[in-house]
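Structure first, then comments.
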Amino acid sequence: MVEEVSPEDFCKKWCSNLQSPERSVRQTTLKEMLEHFESGKVDESTAETYYNEIYIHLMKAYTDRFEVCRSLAASIVSSMMKFLPRNSSYLEYICSVIAQRLAQAEMIEESEEMRLQLVQQLKELIEKFKECPKEKKDLILKAYNDVIDVLIRTIKDPYPAIQKESCEIVKLLATATPSFRYRAEVLVKPMTFMLSHRYSANRAIAIETLSITALHILTNDDKVGNIIMDLSKLLMDDVPKVRLECGRAGIRLGLELRDRYSHFSKILPLILCSLVDEVEEIREEIHKNWIKVGAQYYDENEEELKEYLLTDVTPENYPAELKRPTVGCRQLVQRNLKMVNIILHEMEEWKEEVRLHATRLLGQVVIHSEKLFATQFIDAFPVLAKTCVDPEKIVAAEAMLIAIYLGTFLDYSSWADYVRRQMSKQPNLGNLKCFTALFAAASNDEKLGDLKEISEVLVDTTICHNTKPEYQLQLLQFCDVLSDGLSIIQTNDSSDSSISETEKNLYTITMKVMSLGPEIEDIQTLGKEILAKISTFTSVQGLHDRYSLHLLNQIGPLETEAEEVLPQISLLSGIINISGLHSANIRTFQPHILTALKNTCPEGRVLIFKSIAEVMIQWKTLSTSPENTEEVLKTFIQDVIQPYLVWAAGRSAETVRTMATACLCATIQGADEEIAAKLIDHFSSELVPLIEDNSIRTRAFALRILLSSGAMETEKLKPLMFQVSARLDDPCAEVRILAANVLGHMKATDKKECEGIFDQIVERMILHLESPEVELKEKLAESLKKIGKEYSEVYEKHLNALPENNPIKKLLIEETKL
């Protein structure tokens, strides 16, 4: 029969071998010991005996030179601890040994794997000796300082796995011992260091652990506040898991922090930002728990909030895309609006992600605070307006959404006067966009009575003379909103005295903006829509007729001499283009046009003449009263156009002369045939020098004018005919063809007296039929045919003078037969 070996015998052998200088002996012994303790031969009845016999030598093995021996020793202790009773002396002794290896100022344990094993062993010990409700003893208290000292070092360990395991120990320690609060504060600094770890898993567990630690810091409110602020920085982390932990931390602190009422202004951003996270799962989880925070707050303040519930009404036109927060959630935010100042500061940060994060957070504050945000409006408006024009479109869009919510939730009277004053002081795009959104979202019952006052603000030249396209379009969009309100008033009470003033102001603003942005399609389209809306009880032309004089007087000083095109010149030009010139308004426009032409630079004159030319071509269409048309047009040409047809040296003067000629051409072509002929007859002497002008365009316009001419007296016809015929040798093909065409249109009041003139002209025309230009020959042949009908003898004379086989003669004979 084999004699059974007692624990004491095993222990004597092991202790002897563990003192051997040979590593192989110590290592073999430690392996044997580990196998023995894991073989099932040791139980709770014998474990204490083994421990008492070998613990001194076993603990000494923790400092063995060789890592394998140290690792085996730690594994043996972990195995033994499964069978040892819950006696704090075991924990105290083992923790002190671990602290000697891990908690010193200089790193004693150099092996990462060994450090991890010791940290895991520490976790197992705390798990075994954690507080038990039945015992009501704090077994960890005596080892508490060693545990904390170890954690202070291992939380900052360069090995990520050790950091994570250390955080797990902190989380466990928080529930394992009531003594955790004594030194919980000292763990904050190393854990804060982890928040910037390159691994997202480490950042996530650091957030969770810090928030749990904050619950146990009872004597230092500043420290708790700093923790929350440090956690808030990770709300913009790229990894969803990290952001989720931020939200969870906010919920944890909102539900469990002992002094949470003092810190809600810092806690709430953690929660509210998570409610608008890009990841749906984060939004859903935090929203579900946010309701719990609100419910707890309501229960804690039920008596007070019951009275609030009696008057709580959902705002009119509450956004359909939103679900209104619970009473507790709303009240919690409403009583902590001091956080708005920090949010506004972050909205002006240079980093895009910070601005976006802060803007979304402000949106949640507005949604929860509703009417009470009026107390923060004056501080928030300048920042919000600036954010509405943020270079990042997504940030600007979020800001515009906030402005809409504010318009919906706030009483109109709480912000209207202030915003109007701000718009007058600083007429920039941000203020304009924000004002538009606020006003559009406000209740009609409040805002409709304010249309006149707002239109008077917007009609100011500092606001509506801005030439930036984006600003112009936004101003028109505001006018569009105002015109909708005006339509409602006109329908309900057309006798309201403010209607005409509002209509006049909106007309003025719209016309000015359209005039300053003539080439921008969106501006022109929206402007026409606004004019159509405000002309409900008249017509757009009726608006032009009614308010043209007022509009012209609002342009600004035209008497100012300048070397560049001033805004008022662009305005005058644009207004002419939009409203047109016709018999009913030309006398109204003429003085302003004269003043502008007199004082502006050459570029300004070109701009004005261009506009006049574009509208005068439509004279017959726009003019409803033909009386005195000849006299009106004659006066207009004489006062406005004729002074600029006179030759002057210089390239600028030449350009102005060209545009003045184009303007005269459009005026002639836009009039009735009879009036056009009379006007040409009256100003014929002005055309002679224009036909031989240096500018090709001027010569071309002058010749086009003569296409509308009628019969003229000899002294007027003669110089014109010879100048036109001279243009048959013009270097420009277009001018040569026009000249050939014009010669066939020229007629004399006294045929006989002008026969000699036409005799010379026909001779010249026949000579030019030898030109290789096909189109020129065709036009000359057509014109000769027309002259032949009027002066057949002259025509026959020159035709007969040509030889029979001359191709020109054949061409003319064929043309005559047609």
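The values are calculated or read from the model by the stated rules, or taken from the named source; none is laboratory data. Being a predicted model, the structure only gives us computed values, none of them experimental. Positions of Cβ are backbone-derived with ideal geometry, glycine not excepted, and every protein chain shown enters the neighbour counts. All accessible areas refer to the heavy atoms of the entire protein, side chains included, with ligands and DNA or RNA removed. Shrake-Rupley method; radii C 1.70, N 1.55, O 1.52, S 1.80 Å.
Below is a table of values for the structure above.
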item: Length gained when the stretch Arg183-Thr46 is fully extended (0.36 nm per residue, less Cα-Cα span); result: 45.6 nm
item: Calculated FRET efficiency for the pair Lys288/Tyr55, C-beta based, R₀ 45 Å, to 0.05; result: 0.35
item: Sequence-distant residues sharing a close amide H with Ala671 (under 5 Å, placed H); result: none
item: For the range 603-685, the Rg and Dmax computed from alpha carbons only, in angstrom; result: 12.8, 41
item: Nitroxide proxy distance, nm - points 7 Å out along Cα→Cβ at Lys468 and Ala295; result: 5.0 nm
item: Estimated [θ] at 222 nm from DSSP helical runs (n ≥ 4, -39500 (n - 2.57)) normalised by residues in the chain, nearest 500; result: -22000 deg cm²/dmol
item: Among Cys732, Thr29, Gly407 the positive-end extreme of the charge dipole of the chain (Cβ point charges); result: Thr29
item: Computed label-point distance, nm, for sites Thr635 and Lys785 using a 7 Å Cα→Cβ extension; result: 4.4 nm
item: C-alpha long axis of helix 416-425 to longest principal axis of the chain, angle in °; result: 60 degrees
item: The range 48-120 versus the range 354-430: alpha-carbon centroid distance in Å; result: 62 Å
item: Equivalent ellipsoid semi-axes - Cα gyration tensor, the range 519-678, angstrom; result: 25, 21, 14
item: Pairwise Cα inverse-distance average, inverted: Kirkwood Rh of the range 680-818 (Å); result: 15.1 Å
item: Inter-centroid distance (Cα atoms) of the range 765-815 relative to the range 540-558, Å; result: 55 Å
item: Ranking by accessible area, most exposed first, for Ser369, Ser88 with a 1.4 Å probe; result: Ser88, Ser369
item: Approximate spin-label separation Ala726-Thr219, in nm, with each point projected 7 Å along Cα-to-Cβ; result: 11.1 nm
item: Listed pairs Lys223/Lys288; Lys12/Lys41; Lys634/Lys779; Lys233/Lys425; Lys266/Lys371 exceeding 25 Å between Cα atoms; result: Lys223/Lys288; Lys634/Lys779; Lys233/Lys425
item: Average silhouette area of the chain, convex hull of alpha-carbon atoms, in square nanometres; result: 61.3 nm²
item: Largest-first ordering by accessible area, 1.4 Å probe, given options His682, His216; result: His682, His216
item: Cα lying deepest toward the dipole's positive end in the range 27-163, options Ile126, Gln104, Pro158, charges on Cβ; result: Ile126
item: Lys/Arg +1, Asp/Glu -1 at C-beta; the chain dipole; positive extreme among Ile140, Ser20, Ser573; result: Ser20
item: Whole-number D in µm²/s for the range 183-272 (Stokes-Einstein; Kirkwood sum over Cα pairs; 10 °C, 1.306 mPa s); result: 126 µm²/s
item: Cross-link pairs beyond the 19 Å C-alpha cut-off, checked among Lys393/Lys528; Lys752/Lys786; Lys752/Lys810; result: Lys393/Lys528; Lys752/Lys810
